[in-house]
Amino acid sequence: MNYEVIETYINDFRQKDEYNITLSYIKEIQKKINTFIENLNENNFYDYSKSYFLLFLTNQYKQNKKQIFTNLKKAIKFLERSHTEDEIYEAILYGYLSNYYIKYENQMESEKMFKIAREKLIKQQNKEELIQFYIRHINILMISRYDISKINSLIEELHLLIKNNTSKNIAKYYLDLGIIYLNALQNTVVAIFYLSQSFDLAKKTCQIELEIKARIFLAASYYSLGNESESINYLEIILKNEKYQNINPVYKAIIINNLITYFIKKEDFKSAKNYLIKFDENINEVNKDLSEQVKMIGYICKAKYYSISNENVDQGVKYINKSKNLYEKNKYKSLFQDIDILIDKIEGNLYYKIGKYDIACNLHKRGFNKSIKRSKNRSVIEFHKLLSKDYEKLQDYPKSIKHLKLYMELKENWLDKQSQKYTEILLKENDILNKKNKISELTELKNELIDKRNTDVLSGLLNRRFLNEHLECEDAKLDIKSGDLYAFMIDIDFFKKYNDRYGHIEGDKVIDKIGKIIKNTCIKDNNIAIRYGGEEFLILLKNIDYEECIKTAKSLLQQVNELNIKHEDSPFNTTVSISIGIASNEDCKDYYNLINNADKALYISKSEGGNKYSYFLN
């Protein structure tokens, strides 16, 4: 062991992923470095400093609080005694000391050390170390549930540093920035923006491990936006292509776990179960040092599967209890932050499935409260939906409806914020902030976000916001005066009675299924399908004649009847049905007039018992 070897180990620990470093490797290095320190000349203070810094890095991986602080302070003390002018190394030490103080709740000392480290790195104009310092600091702040406003300001500074950087590490920096936006700021679409850049650069430069990480986080991002198919496409290739055969087993476990989640969401239980089998096979490949972490992920996988499938729920409870025990040992790992919230959610779902709704509700409330405390907005939204189901089963209908309404409102607001933030980032990235004459260049890039903002969360159709904006645009004013145009106003028959009998959750499923039928009717010729409100829908059909219009109405009625959804409280039908009112643009001065006429025709259909269409005639 000599100085050059110590430097090599230091760089190794600072650059490697925490799941590529094993406990046996750490013990081996600690043994060597302690022997080296024993044989050092007592006046060789700089080598002492570097040696204790390496010991500090090894103890960080072992989460040894006392040794972490002792080693770091010794590294700083010996550097001072050496009188060596190495301001970058000194800044790195103070940066890590700042991280330590955040983690162990000494905010004042942390900020003091942060300023020292930052000023020294800026003075030395070392952008690479400064970027790594910011990324490390922000990640520690995230894990420590720090003030989000402080994180925001640091991210703004980090963004500028990365944007003006042209080093070979730029793909990694984009990955880190994407993960920060996904986890800290919970802005999924902006996360996709940066993760995609990292992914493309990693592929071009053959950085396999970086590409795998980008795929994992891109898949997670698309999943949170409801696109499970895209998520699966990003991950399955890793397990099927020989290019990725040397993947770290912990990441392989995470990929299999995520694929199980995505397939469960798609209700493809066969594929989910196949990946559960693969998961068990993967455990045998894992280094002993990492096996507990991988087993924890596996237990969560299995519990999640049993919470959704029709198989043995008791098995799911057994696995979730095992995962809780292992979580306590691994909760300080950055990869597993907030996994306790996921455990609360799955355990609640398991108890809901076996009919213990009070226990399910308490577990979901616990996860909900943790999510609020940690500003996990996406989790908050999801728990509102789960609590709505819990309270419905507990027959606390006011609370059930309250949580359901909050779920729908917050989901829509969340998508709106994604769009706004994405626009801001695009403007910054293209150096055209406040330059209105160039904003049109971004139109194509924004289209996807605008679609999401204008989409109804429950039915997947366009929403009233879109309709209001559409009716004021010039194209709409031209449409009403040129060509054949028909409006269908559609209403689900006796829907209030359905909700009262079967509950709002089942009612939501009806809206979703009918929404899909309506959406499929409008896939061509720029036709428009809108959830008008509650159980009402609006279709605007262009460039068809009267015969096609009536044929479409009959098809809609038939498709809804073929769903064969039981409705025992309907006075006229035994299954769910719809009523349709139709109007044409003939003699209509504007869209409002057209929609009003369709609404009048709908009233006729409803008054005659529903499950029919009526055509408005002046």
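May I ask you to verify whether residue 451 is closer than 30 Å to residue 576 by Cα, open to solvent by 70 Å² or more (accessible area, probe 1.4 Å) and modelled with pLDDT under 70?
It is true that residue 451 is closer than 30 Å to residue 576 by Cα, open to solvent by 70 Å² or more (accessible area, probe 1.4 Å) and modelled with pLDDT under 70.
Counting only residues that are farther than 15 Å from residue 306 by Cβ and aliphatic (A, V, I, L, M), how many does the range 350-366 have?
Number of matching residues: 2.
Does residue 92 satisfy being touching a helix residue (DSSP H, G or I) at 6+ places or on another chain (Cβ under 6 Å), at pLDDT 90 or above and of a type in the set (Val, Ile, Thr)?
No.
Among the listed residues 247, 212, 256, 232, which satisfies the condition of being open to solvent by less than 40 Å² (accessible area, probe 1.4 Å), closer than 23 Å to residue 198 by Cβ and in a loop (DSSP other than H, G, I, E, B)?
247
Residue by residue through the range 524-569, note down the ones that are modelled with pLDDT under 90 and of a type in the set (S, T, N, Q).
Result: 526, 527, 543.
Could you run through the range 534-563 and say how many residues are closer than 18 Å to residue 586 by Cβ and among the acidic types (Asp, Glu)?
Selection size over the range 534-563: 3.
I'm trying to understand the selection: among the residues of the range 337-359, which are open to solvent by 10 Å² or more (accessible area, probe 1.4 Å) and of a type in the set (Gly, Ala, Ser)?
Once the filter is applied, which keeps residues that are open to solvent by 10 Å² or more (accessible area, probe 1.4 Å) and of a type in the set (Gly, Ala, Ser), the range 337-359 yields only 355.
If residue 168 passes every condition in (1) within 20 Å of residue 201 (Cα to Cα); (2) open to solvent by 10 Å² or more (accessible area, probe 1.4 Å); (3) in a helix (DSSP H, G or I); (4) not hydrophobic (A, V, I, L, M, F, W, C) but one, which one does it miss?
(3)
Got a number for residues in the range 18-39 being in a loop (DSSP other than H, G, I, E, B) and surrounded by fewer than 14 Cβ atoms within 10 Å (Cβ to Cβ)?
The number of residues fulfilling the criteria is 1.
Which one of 187, 152, 164 is in contact with a helix residue (DSSP H, G or I) (Cβ under 6 Å, 6 or more places away or on another chain) and farther than 30 Å from residue 66 by Cβ?
Exactly one residue qualifies, and that residue is 187.
Being of a type in the set (Val, Ile, Thr) and surrounded by 15 or more Cβ atoms within 10 Å (Cβ to Cβ) is the filter here; which residues of the range 3-17 pass it?
6, 10
I'm trying to understand the selection: among the residues of the range 559-605, which are closer than 27 Å to residue 512 by Cβ, of a type in the set (D, E, K, R), out of contact with any Lys or Arg (no Cβ under 7 Å at 6 or more places or on another chain) and surrounded by fewer than 16 Cβ atoms within 10 Å (Cβ to Cβ)?
Passing the criteria: 562, 566.
Looking at (1) among the aromatic types (Phe, Trp, Tyr); (2) within 18 Å of residue 345 (Cα to Cα); (3) without any contact (Cβ under 8 Å) to a residue 40 or more places away in the chain, which is the only condition residue 244 fails?
The number of the failed condition is (2).
Assuming residue 195 fulfils every condition listed in (1) more than 11 Å from the chain's Cα centre (by Cα); (2) open to solvent by 20 Å² or more (accessible area, probe 1.4 Å) apart from one, which condition is it?
(2)
Between a residue in the range 386-397 that is farther than 11 Å from residue 358 by Cβ and any residue that is surrounded by 15 or more Cβ atoms within 10 Å (Cβ to Cβ) and of a type in the set (Gly, Ala, Ser), which pairs come within a Cβ distance under 7 Å, given they are 6 or more apart or on different chains?
Final answer for the pair search is 386/348; 388/400; 392/400; 392/503.
What number of residues within the range 90-99 are under 11 Å from residue 121 (Cα atoms) and within 37 Å of the chain's Cα centre (by Cα)?
Count: 4.
Which numbered condition in (1) at pLDDT below 90; (2) among the basic types (Lys, Arg); (3) over 42 Å from the mean Cα position of the chain (by Cα) is the only one that residue 519 fails?
All conditions are met except number (3).
If residue 599 satisfies every condition in (1) in a helix (DSSP H, G or I); (2) of a type outside the set (Ser, Thr, Tyr); (3) over 40 Å from the mean Cα position of the chain (by Cα) but one, which is the exception?
Here residue 599 meets the rest and fails (3).
Which residue out of 555, 577, 570 is more than 25 Å from residue 502 (Cβ to Cβ) and hydroxyl-bearing (Ser, Thr, Tyr)?
When all the criteria are applied, what remains is 555.
In the list 555, 614, which residue meets the criterion of being open to solvent by 20 Å² or more (accessible area, probe 1.4 Å) and not in a loop (DSSP other than H, G, I, E, B)?
When all the criteria are applied, what remains is 555.
Can you tell me which residue in the range 456-475 is modelled with the highest pLDDT, limited to those that are surrounded by fewer than 17 Cβ atoms within 10 Å (Cβ to Cβ) and in contact with a Phe, Trp or Tyr (Cβ under 9 Å, 6 or more places away or on another chain)?
Looking at residues that are surrounded by fewer than 17 Cβ atoms within 10 Å (Cβ to Cβ) and in contact with a Phe, Trp or Tyr (Cβ under 9 Å, 6 or more places away or on another chain), I get 464.
Can you go through 50, 103, 65 and tell me which one is charged (D, E, K, R) and free of Cβ contacts under 8 Å to residues at least 40 places away in the same chain?
Only one candidate qualifies: 65.
Pairs, please: C-beta under 6 Å, at least 6 apart or cross-chain, first residue closer than 15 Å to residue 456 by Cβ and open to solvent by 70 Å² or more (accessible area, probe 1.4 Å) and in the range 495-523, second assigned to a helix (DSSP H, G or I) and not small (Gly, Ala, Ser)?
Pairs that qualify, where the first residue is closer than 15 Å to residue 456 by Cβ and open to solvent by 70 Å² or more (accessible area, probe 1.4 Å) and the partner is assigned to a helix (DSSP H, G or I) and not small (Gly, Ala, Ser), are 513/563.
The values are calculated or read from the model by the stated rules, or taken from the named source; none is laboratory data. Please read all numbers here as calculations on a predicted model, not as lab measurements. Backbone-built Cβ (ideal geometry, glycine too); neighbour counts: all protein chains shown. Calculation scope for accessible area: heavy atoms of the full protein, side chains included, ligands and nucleic acids excluded. Shrake-Rupley method; radii C 1.70, N 1.55, O 1.52, S 1.80 Å.
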